[in-house]
Amino acid sequence: MTDVKRTRIYNTLNNDELVIISFFDSSHLVFCMAQLRDHKLLLRIALVLKELREEHNVSQEDVYIETNVHIGRIETCKSNLSVSTLAALLKFLRIGMAEFFERVEARGD
């Protein structure tokens with residue numbers, strides 16, 4: 001039987017969270033991975049994605065049907081999206097990475 005242990009480490013100075021996920025089999029470490037989450041940045045990205053989706057008059061369901069991406073989890077900051085997922089969403093929303101991140105930066109902290 002495999003046990004999973006999640007350890008969350010918070011850096012309150014810059015609002016980062018490091019999540020370390022460890023998998024154990026009979027008390028032996030089998031696999032370990034870490035994921036860094038910047039909540040402020042994820043929130044700004046989520047807000048810009050939602051604005052773009054609304055500008056294009058498409059629902060979360062429409063996005064899912066066309067991209068197979070559950071944008072609702074991203075818009076509520078429940079998901080730490082990958083660059084590949086972001087690229088697929090931006091292609092669907094017809095906006096380049098540079099222009100997208102200009103909008104993200106304009107939202108400030």
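The values are calculated or read from the model by the stated rules, or taken from the named source; none is laboratory data. As the structure is a computational prediction, the values presented were derived from the model and not from experiment. Methodologically, a virtual Cβ is constructed for each residue, glycine included, from the backbone with ideal geometry; neighbour enumeration extends over all protein chains shown.
May I ask you to list the residues in the stretch 46-105 that are outside any helix (DSSP H, G or I), basic (Lys, Arg) and under 15 Å from the mean Cα position of the chain (by Cα)? The answer is Lys78, and nothing else. Can you pull out the residues in the stretch 89-109 that are more than 17 Å from Leu42 (Cβ to Cβ), without any contact (Cβ under 8 Å) to a residue 40 or more places away in the chain and of a type in the set (A, V, I, L, M)? Matches in the stretch 89-109: Ala98 only.
Only one of the numbered conditions (1) under 20 Å from Arg107 (Cα atoms); (2) modelled with pLDDT under 95; (3) surrounded by fewer than 12 Cβ atoms within 10 Å (Cβ to Cβ) is violated by Ser84, and that is (1). Would you say Ser27 is among the polar types (S, T, N, Q), surrounded by 15 or more Cβ atoms within 10 Å (Cβ to Cβ) and modelled with pLDDT under 90? Criteria not met by Ser27.
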